[in-house]
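Participant: Below you will find the structure I want to go over with you.
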Amino acid sequence: MKTQIGITQKHTASVVNILSVELSNEMMLYVKTRKAHWNVTGESFMELHKLFEEHYKLLEAAIDEIAERIGKLGERTIGTMQEFSKLSSIKEHPGKYISSKDIIKELVKDHESMIVELRNKIEDCSNKYKDAGTTDFLTGLMLEHETIAWVLRRYLN
């Protein structure tokens, strides 16, 4: 049965593409945050270990919510690492193990880039595609990334 929620099929396809890219970015950032959790060392080990765990759990919840949002729009959700890697603007660094400070810097950079991307996606969902639900949903995600980036930045000052 076709979803009839007041958004054209063309707009729905565009929004699903936006959400699929966001899902891919969230998944890549989730993996990077897990790696940070597993490999953090130094004086603040336990504090950072727990902080990264808190962050990857937030990302995990966001991943599930994005997938469900795609389903609410009547579409199927991508779900392979190959698909995520292809769509994500967040990039991995295999074999690279950096200091705790550099891990934090990299994660801040990733969260900030996602915030910038989300601002553009929010504008498109609102103005171009007239999807208030996805606009609101993406705004919530952006606020989460702003909070995480702010917390991580505090370790760098």
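Participant: From the list Lys10, Lys57, which one is free of Cβ contacts under 8 Å to residues at least 12 places away in the same chain, under 23 Å from Trp150 (Cα atoms) and charged (D, E, K, R)? It would help to see each step written out before you state the result.
Facilitator: Values: Lys10 fails: under 23 Å from Trp150 (Cα atoms).
Answer to the selection: Lys57.
Participant: Regarding Thr147, is this residue among the hydroxyl-bearing types (Ser, Thr, Tyr), under 13 Å from Glu22 (Cα atoms) and out of contact with any strand residue (DSSP E or B) (no Cβ under 7 Å at 6 or more places or on another chain)? Don't jump to the end; show me each part of the working.
Facilitator: On the way: among the hydroxyl-bearing types (Ser, Thr, Tyr): yes; under 13 Å from Glu22 (Cα atoms): no; out of contact with any strand residue (DSSP E or B) (no Cβ under 7 Å at 6 or more places or on another chain): yes.
In short, no.
Residue-by-condition table, conditions (1) modelled with pLDDT under 95; (2) part of a helix (DSSP H, G or I); (3) within 13 Å of Glu26 (Cβ to Cβ):
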site	(1), (2), (3)
Lys50	no, yes, no
Ala61	no, yes, yes
Glu65	no, yes, yes
Glu106	no, yes, no
Arg119	no, yes, no
Gly133	no, yes, no
Glu146	no, yes, no
Ala149	no, yes, no
Asn157	yes, no, no
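Participant: Can you tell me which residues in region 43-58 are in contact with a Phe, Trp or Tyr (Cβ under 7 Å, 6 or more places away or on another chain) and acidic (Asp, Glu)?
Facilitator: Of the residues in region 43-58, the ones in contact with a Phe, Trp or Tyr (Cβ under 7 Å, 6 or more places away or on another chain) are 56.
Result: no residue meets the conditions.
Participant: Let me ask another. In this structure, is Phe52 surrounded by 13 or more Cβ atoms within 10 Å (Cβ to Cβ) and more than 19 Å from Glu117 (Cβ to Cβ)?
Facilitator: On the way: surrounded by 13 or more Cβ atoms within 10 Å (Cβ to Cβ): yes; more than 19 Å from Glu117 (Cβ to Cβ): yes.
When the stated conditions are applied, Phe52 passes them.
Participant: Shifting gears a bit: Being hydrophobic (A, V, I, L, M, F, W, C) and either surrounded by 14 or more Cβ atoms within 10 Å (Cβ to Cβ) or closer than 19 Å to Ile115 by Cα (or both) is the filter here, so list the residues in region 14-45 that pass it. Let's see the steps before the verdict.
Facilitator: To start, the set of residues in region 14-45 that are hydrophobic (A, V, I, L, M, F, W, C) comprises 15-16, 18-19, 21, 23, 27-29, 31, 36, 38, 40, 45.
Once the filter is applied, which keeps residues that are hydrophobic (A, V, I, L, M, F, W, C) and either surrounded by 14 or more Cβ atoms within 10 Å (Cβ to Cβ) or closer than 19 Å to Ile115 by Cα (or both), region 14-45 yields Val15, Val16, Ile18, Leu19, Val21, Leu23, Met27, Met28, Leu29, Val31, Ala36, Val40.
Residues checked against (1) small (Gly, Ala, Ser); (2) closer than 20 Å to Met142 by Cβ; (3) at pLDDT 95 or above; (4) more than 15 Å from the chain's Cα centre (by Cα):
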position	(1), (2), (3), (4)
Asn25	no, yes, yes, no
Glu68	no, yes, yes, no
Ser89	yes, yes, yes, no
Lys96	no, no, no, yes
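Participant: Let me ask another. Among the residues of region 67-94 satisfying the criterion of being of a type in the set (Asp, Glu) and part of a helix (DSSP H, G or I), which is nearest to Thr134 (Cα to Cα)?
Facilitator: The first filter runs over region 67-94 and keeps only residues of a type in the set (Asp, Glu), leaving 68, 75, 83, 92.
Restricting the remaining residues to those that are part of a helix (DSSP H, G or I) gives 68, 83.
Details: Glu68: 11, Glu83: 22 Å.
Result: Glu68.
Participant: Give the residue, chosen from Ala62, Ala149, Ala67, Ala132, that is surrounded by fewer than 13 Cβ atoms within 10 Å (Cβ to Cβ) and either at positive phi or aliphatic (A, V, I, L, M) (or both). Full working, then the answer.
Facilitator: Working: Ala62 fails: surrounded by fewer than 13 Cβ atoms within 10 Å (Cβ to Cβ); Ala149 fails: surrounded by fewer than 13 Cβ atoms within 10 Å (Cβ to Cβ); Ala67 fails: surrounded by fewer than 13 Cβ atoms within 10 Å (Cβ to Cβ).
Of Ala62, Ala149, Ala67, Ala132, the one residue that is surrounded by fewer than 13 Cβ atoms within 10 Å (Cβ to Cβ) and either at positive phi or aliphatic (A, V, I, L, M) (or both) is Ala132.
The values are calculated or read from the model by the stated rules, or taken from the named source; none is laboratory data. Small disclaimer: the values here were computed from a predicted structure and weren't measured. Virtual Cβ from ideal backbone geometry, glycine too; neighbours counted across all protein chains shown.
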